[in-house]
There are 2 protein chains.
Amino acid sequence: MSEEEIITQAISSEDVPQLENIELLFFAYRDFVADPDRILRQYGFGRAHHRALFFVNRRPGLTVAELLDILKITKQSLARVLKQLIEAGHIVQSEGKFDRRKRMLFPTRQGRNLILELSQPQSRRINSAFDQIDPELREAVSDFLRSVRGEQSE
Amino acid sequence: MSEEEIITQAISSEDVPQLENIELLFFAYRDFVADPDRILRQYGFGRAHHRALFFVNRRPGLTVAELLDILKITKQSLARVLKQLIEAGHIVQSEGKFDRRKRMLFPTRQGRNLILELSQPQSRRINSAFDQIDPELREAVSDFLRSVRGEQSE
DNA sequence: AAAATATGTCAATAGTGCTGACATATTTTT
DNA sequence: AAAAATATGTCAGCACTATTGACATATTTT
């Protein structure tokens, strides 16, 4: 027993289809979030605040339940960051118009400004990546991203 | 003061170039890591173990310093997961051939098997996303990912 | 011999995720 | 009207991943 066989050969695309793209996606995302992470720390926030703030700006008036469904985290995880964003004046809540149990979430001017600041490096990064590829091929990238997202065991 | 101006209009691509693709990248990555996350939990591991194990399989014999540089985390963060991967028999260390201060990292057969298992859903996801787009446009996606990665304030 | 390097380890802290339980207000169903 | 369901908020506790700064050891370079 204890057959501690050691592997010295690198894993290859034959072992793992799309190995290269798996790796590229890791690196791309690592750097994609690194820039906003640096800014967030100056505000005492983290990545979770960024995501919540992003979608509240993207769909003002969305409810807590809708936001949970987008982020795919638990109520408790969201509660913490939402509370801090509200206390800091980046987001406000208001009762649902038709269902007063619901809380509609809106960004304040301050929250809008913050998401603009956080998005700048990401816009730049994607823009300059698009500069590298044929304009006619750019839609393929978005199509790709759209279908990487998706059920397939959600 | 306390001018709590509320914004009810959704942020748009005019405010933030590439807004759509920023959002798509979030969703793509969210789902891309969700599958392996489920498997990892059965082993008592987390996302950090996945990444370390991936690159040890990808470049067997790499040193701790090289791995740190790839992952862009601190020594202490890596130490914990590396220790656990070694104890669990997925990775082994050996002294550097020329510099005996260095530790070369290799996967065991078991570690190779685990990364194969973790990669399967990711391979499938990327493969089926590629199925959706013209074969001639696929290289554009890799080019895009390659250039999203990159300095620009590293 | 001294300085630099590679690794490992310790203690402490922060951020983000989880579970399960319980409370309140409100709406829907019976 | 009463009961059940829903939306939200909150509590306690836990796990994982990341951070910083300090220090120890072995080894290599200067």
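Values in this text are rule-based calculations from the coordinates and carry no lab data. All of these numbers come straight from a predicted model, not from anything done at the bench. In this analysis, Cβ positions are derived from the backbone assuming ideal geometry, glycine residues included, and neighbour counts consider all displayed protein chains.
3J(HN,Hα) along region A:87-104, derived from phi through the Karplus expression 6.51 cos²θ - 1.76 cosθ + 1.60 where θ = phi - 60°, amounts to 4, 7, x, 8, 9, 10, 10, 9, 4, x, 5, 9, 10, 6, 6, 6, 10, 8 Hz, with x in place of Gly and Pro. Along its three principal directions, the equivalent ellipsoid of region B:106-151 from the Cα gyration tensor extends over semi-axes of 27, 17, 7 Å, largest first. Quick one, what does Rg over Rh come out to for chain B if you take C-alpha atoms and the Kirkwood Rh? Taking Rh as the inverse mean 1/r over Cα pairs, Rg/Rh reads 1.08. Quote the relative contact order of region A:45-96 in percent (integer), defining contacts as alpha-carbon pairs under 8 Å separated by 6+ residues. Here the relative contact order equals 40 percent.
With its label point defined 7 Å out from Cα along the Cα-to-Cβ axis, A:F98 lies at 7.1 nm from the matching points of the other copies, in increasing order.
Take every pair of alpha-carbon atoms less than 8 Å apart whose residues are at least six positions apart; their mean separation over the length of chain B yields a relative contact order of 21 percent. Here A:I39 yields copy-to-copy label distances, from shortest upward, of 3.6 nm, the label point defined as 7 Å from Cα along Cα to C-beta. Within 10 Å of the Cβ of each residue in A:47-57, the mean number of Cβ atoms contributed by other protein chains is 2.
Entry note: the protein assembly as shown has Rg to Rh equal to 1.01, where both radii use alpha-carbon atoms and Rh is the Kirkwood radius. What you get for region B:45-154, charging only the Cβ of Lys and Arg (+1) and of Asp and Glu (-1), is a dipole of about 680 debye around the Cα centre. The calculated FRET efficiency for B:E20 paired with B:Q76, based on their beta-carbon distance and R0 = 30 Å, is about 0.20.
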